[in-house]
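A.B. asks: Handing you a structure now.
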Amino acid sequence: MTFARFSIWTLHILCVFALFSGTATAQDTLPQRNREAVDEVNARLSKEARGIPADELTKIKPLFLAFAKYYADVVANPMVYKAAIDPKTGPGAPRIPSIDRNNQTGILLELDRYILEPNLTTKVSNEKADYIRELGIAFDAVLKPIIETHAEPIVRINAARILAEVCRSGATAHWPTVTALLTNDNTLTAVKYYALHAAGNLLAAYDLNEYKSRKHSNVPKEVGALVQAITNCILNASAILPGVKVAEATPDQLAVIGFVRRSAVRALAQLRFVTIPGPDGKQPLYPAYTLARVCVSDPILVPVPSPGECAEAAIGLCNMAPSVDGNPVKGYNAATAVEAVAAGLKTFAGPRSDPTDRSLPWRQYSIRISDALKNWRPLFDPTFEPTQPNNFDANAIPAVVSDAIERFKTLILAPIEKVDFNNKPDPNARVDIPEMERFLNQLRSNPQRKPLLFSNNPDTVLYVPTVK
């Protein structure tokens, strides 16, 4: 059994052992759509639609709410959440919706067409801002009470899955809800797992009016609060499994912590700046340092970060710009960031020393890492505009960054991507871990090495394992 399968199984055993033990009254009918609501949403989604005039909001709001309520009713319907253990088959059996992307019954696949994702690929127009706002308000209103109070754990979990999907819009209504779920000790661990997916989706969404600046879709206070909550899930195991002391945790509990923490790392990796204002607007947050700690397997992290976590952290570091609004972040040390990324990629690639290893989707990760490294270079140019990805000052890229990228591509990515005539991993193409180790030691032994990721913050010292 792979680690991932083992972990998710353990997660459900620990947190949802009473998944279907509730006493909900059975219903023999499935929720029905409000056709007027569906028509209204489709009309507002069309390319021809512009903003929603203020005098039409009184009509629009209840229809958007009715549209969202259908999906909430599906999630809470016993015929849906009990279908897996009590399937109805044979002639006349109802077509039961499922909480997945099945192309026949899956409501997540169905939702895809209604959720607009503002990013550099889609570049959703600001004319859709009203649509995103109102649909976000509607979904938050119907999903939040289910996630927080429903008697059935499986319903809360499935509602969190829906929330994670609709958060791809970056709608401001979802930010405080997701932050609250991550900071509430009463939130089921399985719900937190999907809330972290929701958090990552929120951070991935761009401000509709600010694609050039890479700004997120909410104000700094809300962004800071969410980032702080995600960071806490990475650094404190008790934020994932409340009440659990790491020193006394069982192997199953440690597996759950590591599995959920990986989602937290991937969520934080969607942040686009090395530092941001905290929720109080005064004390800054240093998310880049949090990811660097994952990359170097800082001892504060128990269990030890997995290869997958280290890959996600390295990708995230490469996604974070060392400048904000055209102003370089003072004290950010590019060479220290390179050291962290090198450590993370070395840990990531370790199992792939055996070309037959199947513990991770290696080629998928290789593609993502390659894209991250390519996109890292321009971020050192304070004047860079992501809407023009090939237009940047190459002289602004630190030499240590350019050199490291070429090494990573040669030592790790090229061997992973090499295949034989059958499109299978080439058994003779091996990642060069010894050379990665030498490169990492070279960085760490450099007399001019700066131990701090941020020179003006003594709390951002990069951990270096003691050589025995």
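The values are calculated or read from the model by the stated rules, or taken from the named source; none is laboratory data. Note that the coordinates shown come from a computational prediction; the quantities given were computed from them, not determined experimentally. Reconstructed Cβ throughout: ideal geometry from the backbone, glycine too, with neighbour counts over all protein chains shown.
A.B. asks: Could you tell me which residue of segment 34-51 is nearest to ASN126 (Cα to Cα), considering only residues that are touching a residue at least 60 places away in the same chain (Cβ under 8 Å) and not small (Gly, Ala, Ser)? Talk me through it step by step, then tell me what you get.
C.D. replies: Of the residues in segment 34-51, the ones touching a residue at least 60 places away in the same chain (Cβ under 8 Å) are 41, 44-45, 49-51.
Still in the running and not small (Gly, Ala, Ser): 41, 44-45, 50.
Values: VAL41: 17, ARG44: 13, LEU45: 13, ARG50: 9 Å.
Top of the filtered list is ARG50.
A.B. asks: I need every pair where a residue in segment 145-163 that is touching a residue at least 60 places away in the same chain (Cβ under 8 Å) and under 13 Å from THR177 (Cβ atoms) has its Cβ under 9 Å from the Cβ of a residue that is polar (S, T, N, Q) and assigned to a helix (DSSP H, G or I), sequence separation at least 6 or different chains.
C.D. replies: ILE146/ASN158
A.B. asks: Whether any residue in segment 410-423 is at pLDDT 95 or above, assigned by TED's automatic domain parsing to the domain that holds ALA314, surrounded by fewer than 19 Cβ atoms within 10 Å (Cβ to Cβ) and over 24 Å from the mean Cα position of the chain (by Cα) is what I want to check.
C.D. replies: yes
A.B. asks: Would a scan of segment 384-397 turn up a residue that is over 27 Å from ILE367 (Cβ atoms) and part of a loop (DSSP other than H, G, I, E, B)?
C.D. replies: Our first condition is that a residue be over 27 Å from ILE367 (Cβ atoms); within segment 384-397, this holds for 395.
Checking the rest, the ones that are also part of a loop (DSSP other than H, G, I, E, B) come to none.
No, there is no match, as no residue in segment 384-397 is over 27 Å from ILE367 (Cβ atoms) and part of a loop (DSSP other than H, G, I, E, B).
A.B. asks: Additional query: Please indicate, with yes or no, whether at least one residue in segment 114-137 is farther than 26 Å from LEU45 by Cβ, hydrophobic (A, V, I, L, M, F, W, C) and under 20 Å from the mean Cα position of the chain (by Cα). Working first, answer last.
C.D. replies: Filtering segment 114-137 down to residues farther than 26 Å from LEU45 by Cβ leaves none.
Within segment 114-137, none of the residues are farther than 26 Å from LEU45 by Cβ, hydrophobic (A, V, I, L, M, F, W, C) and under 20 Å from the mean Cα position of the chain (by Cα).
A.B. asks: A follow-up question, please. Name the one entry in PRO307, PRO299, PRO279, PRO303 that is of a type outside the set (Asp, Glu) and out of contact with any Lys or Arg (no Cβ under 9 Å at 6 or more places or on another chain). Don't jump to the end; show me each part of the working.
C.D. replies: Working: PRO307 fails: out of contact with any Lys or Arg (no Cβ under 9 Å at 6 or more places or on another chain); PRO279 fails: out of contact with any Lys or Arg (no Cβ under 9 Å at 6 or more places or on another chain); PRO303 fails: out of contact with any Lys or Arg (no Cβ under 9 Å at 6 or more places or on another chain).
Just a single option satisfies the conditions, and that option is PRO299.
A.B. asks: Another question, then. What do you reckon, is PRO303 surrounded by fewer than 24 Cβ atoms within 10 Å (Cβ to Cβ), in contact with a Phe, Trp or Tyr (Cβ under 6 Å, 6 or more places away or on another chain) and either without any contact (Cβ under 8 Å) to a residue 12 or more places away in the chain or farther than 22 Å from ASN218 by Cβ (or both)?
C.D. replies: Working: surrounded by fewer than 24 Cβ atoms within 10 Å (Cβ to Cβ): yes; in contact with a Phe, Trp or Tyr (Cβ under 6 Å, 6 or more places away or on another chain): no; either without any contact (Cβ under 8 Å) to a residue 12 or more places away in the chain or farther than 22 Å from ASN218 by Cβ (or both): yes.
So PRO303 does not fit the description; no.
A.B. asks: Inspect segment 368-389 for any residue being under 16 Å from SER323 (Cα atoms) and touching a Cys at 6+ places or on another chain (Cβ under 6 Å) and give the result as yes or no.
C.D. replies: Yes, there is a match, as at least one residue in segment 368-389 is under 16 Å from SER323 (Cα atoms) and touching a Cys at 6+ places or on another chain (Cβ under 6 Å).
A.B. asks: I've got another one for you. Look at segment 88-127 and say how many of its residues are at pLDDT 95 or above and either hydrophobic (A, V, I, L, M, F, W, C) or out of contact with any helix residue (DSSP H, G or I) (no Cβ under 7 Å at 6 or more places or on another chain) (or both).
C.D. replies: 3
A.B. asks: Identify, please: which residue in segment 339-360 is of a type in the set (S, T, N, Q) and under 18 Å from PRO427 (Cα atoms) and is, among those, surrounded by the fewest Cβ atoms within 10 Å (Cβ to Cβ)? Before the answer, list the steps.
C.D. replies: Going through segment 339-360, the residues of a type in the set (S, T, N, Q) turn out to be 347, 353, 356, 359.
Among the residues that remain, those that are also under 18 Å from PRO427 (Cα atoms) are: 353, 356, 359.
Details: SER353: 13, THR356: 8, SER359: 15.
Applying the filter and picking the extreme gives THR356.
A.B. asks: In addition: Among helices (runs of 4 or more DSSP H) lying entirely in segment 280-367, which contain 3 or more residues that are among the small types (Gly, Ala, Ser), modelled with pLDDT of 95 or more and in the same structural domain as ASN423 (by TED's automatic domain parsing)?
C.D. replies: Details: elements: 287-295, 307-319, 334-349.
Correct list: 307-319, 334-349.
For (1) in contact with a strand residue (DSSP E or B) (Cβ under 9 Å, 6 or more places away or on another chain); (2) closer than 19 Å to ASN333 by Cα, each residue gets a yes or a no:
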position: PRO361; (1), (2): no, no
position: SER366; (1), (2): no, no
position: ILE369; (1), (2): no, no
position: LEU379; (1), (2): yes, yes
position: PRO382; (1), (2): yes, yes
position: ALA399; (1), (2): no, yes
position: ARG407; (1), (2): no, no
